[in-house]
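Data block below; observations after.
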Amino acid sequence: MQVPPVKARRAPLLVLVLVLALVLAAVPAQAGTGAASAPSSAAPHGAAAKHRRRKPGPPLTSVSIERTFPGEPVPNGFIGLSFEVGNLAQLAGYADSGDLVTLLRSLGPGVLRFGGVTADKNVAWVDARTPRPAWATAVIDEADLRALGQLAARSGWHVLLTLNLGHFEPEAAAREAAAARAALGPWLEGLELGNEPNAYGRQGLREEPWSFLQYDAQVAIYRAAIEALAPGVPIAGPDVSGSSAFETWGLGEVVNQPPVLLTGHHYPLSCQGPPAPTITQLLSPQIRALEVISLERYLSIAQAGGIPFRLDEANSVSCGGVAGISNTFAGALWAAAYVSEAMSIGIDGINLHGNPDNCLGYTPLCAPNQQAIESGALVAQPEWYALLMLKGLIGDRPLVTTLGTLHGHNLQVTTFLAPNGTLQAVVVDDDPPGSSRAYLRLEVGKGYRYARLLPLTAPAPTSLSGVRLAGSAVAAAGTWGAPAKLQGVSAKGGAITLAVGPSRALLLSIEQ
């Protein structure tokens, strides 16, 4: 019998259906084995889908930089050092020996200020008409001022000199003023009348009540005597002990005795506690916030009077500092943050106070032993390195900088615009050793391609030595030079992303 044509055509179709069914039945079994086939997007909870997920990155702190309205340029003489008048003759003698001139040139130009408590209590001016008074434990004379003039000329640093007001001797002060102008010439930045005169009552230099009114009357007598012998010599003041006193004394000075330069002091921690000062306290966000308030208080009065303000004496802990705090790398971290903040706010300059004979307290420079004192072989202390890092900001214009969420980190960032368009950022991470790294995203904008890093480091905040700037130390002769090639990081998407380790500071130069 002949098979009908229709049945002959159905048999292959049935086989095809059976084969297809077997293939489809095999697919789930194959996928479930974890073999090389790609996971289905319809099954996001499978093991292969978990494998595709990226591990979340570290939290970023955003840094927003506003370049539209930059502030006034950081002045040429912004960086300064302050010493006691009692150290004037010693330091002036280093004009011909030692490494002070080289050290100052590596940092300058700047301002040397001589003042401190010895200006009112210990040191007297002497000349042919001014014998040494009984109260004086030391004197300065015309020869000392001439040597100081040589130091100024060879280093390129100007001088701010404090005259003794604690012992009321206006005629002697006028003769010293005339001698200072003759010896220093164009290097004389100004003359201050007394050191922290608002504290004279507490110091036993005046009977109470002692207020700005009594001070103002005595300053008027001094200024008249000085004008008679040295007409036009620049006068600075009132050189008060803090911004709270400046609200009265500074404003009164502006109105009654307008100087060419307003001056005042700042110490974030007191030696007289309680509580006793600590590194943690010195580097705390609370202290930084109070310092900003203080700087703004000084600046508001100066701006209202149209007179520049200089913080002519400042450092970490009052009374000469505290060993184990002031002479450690923590002092350098504090200085890096505070000085850059002062630059950003817009004051005229800052002088870090120090004693060249005491390496245990606060001082950017000191002589470690008697032989070094005699020869002038000064060494750079940790704070000096902070000033070296920040000198690259001279001439830059401060920018408004806003930090996003800090994620528990203790950070400060200030930014500046250089004349050539380079963005510069100072980053200080005061987190203690062992803390996790902080990750920053600096929104620099399009056109910026690359950032060069100048890091300030040491083994720990408590370190007395081992401080390095870009891996280099200040040489025995007082010189320091940046390495030929600095570490860098590229910009992506108009931003610089950077990881910063704890207890370090750095200067970023972000180039177009």
Whose amide H sits under 5 Å from the amide H of ALA138, counting only residues 5 or more places off or on another chain, with H placed in the peptide plane? ALA124
Which angle from 0 to 90°, rounded to the nearest 10, does the C-alpha axis of helix 142-155 make with the longest principal axis of the chain? 20 degrees
Test of understanding: ordering SER300, SER318 by Cβ neighbours within 10 Å, fewest first, what list do you get? SER300, SER318
Cα long-axis angle, helix 212-229 against the chain (0 to 90 degrees, to the nearest 10): 70 degrees
Using the Cα gyration tensor of the stretch 382-512, with a ≥ b ≥ c the square roots of its eigenvalues, what is the shape: rounded (a/c below 1.5), prolate (a/b larger than b/c) or oblate (neither)? oblate
Roughly speaking, what is the centre-to-centre gap between the stretch 154-217 and the stretch 415-446 when only Cα atoms are used, to the nearest Å? 41 Å
In the chain, how many lysine pairs have Cα atoms under 26 Å apart, counting only pairs 8 or more places apart or on different chains? 4
Can you give the three extents of the C-alpha atoms in the chain along their principal axes, from longest to shortest, in whole Å? 153, 48, 46
Under a 5 Å amide H to amide H cut-off, with H placed in plane at 1.01 Å, what residues pair with ALA491 once short-range neighbours are removed? TYR450, ALA451
For labels at VAL400 and GLN203 in the simple 7 Å Cα→Cβ model, what's the distance in nm? 4.1 nm
Using 7 Å Cα-to-Cβ label points, what is the SER64/VAL489 separation (nm, one decimal)? 2.1 nm
Run the numbers for ARG105 and ALA143: contour at 0.36 nm per residue of separation, minus the present Cα-Cα distance, in nm. 11.3 nm
Beta bridge orientation in the stretch 79-393: antiparallel %, DSSP, nearest 5: 10 percent
Going by how many other beta carbons lie within 10 Å of each one, how would you line up TYR448, TYR362, TYR94, fewest first? TYR448, TYR94, TYR362
How many angstrom separate the Cα center of the stretch 80-152 from the Cα center of the stretch 280-341? 25 Å
Residue separation times 0.36 nm, minus the C-alpha to C-alpha distance between LEU213 and THR278: what's the value? 19.6 nm
Fewest-first sequence of GLU296, GLU208 by Cβ atoms within 10 Å of each Cβ: GLU208, GLU296
Relative contact order for the chain, counting Cα pairs under 8 Å that sit 6 or more residues apart, in percent: 16 percent
Roughly what angle does helix 285-305 make with the longest principal axis of the chain, taking Cα atoms, 0 to 90 degrees, to the nearest 10? 50 degrees
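Taken together, the values in this text are just the output of simple stated rules run on the coordinates, not laboratory data. Small disclaimer: the values here were computed from a predicted structure and weren't measured. Glycine gets a Cβ as well: all are built from the backbone with ideal geometry, and neighbour counts include every protein chain shown.
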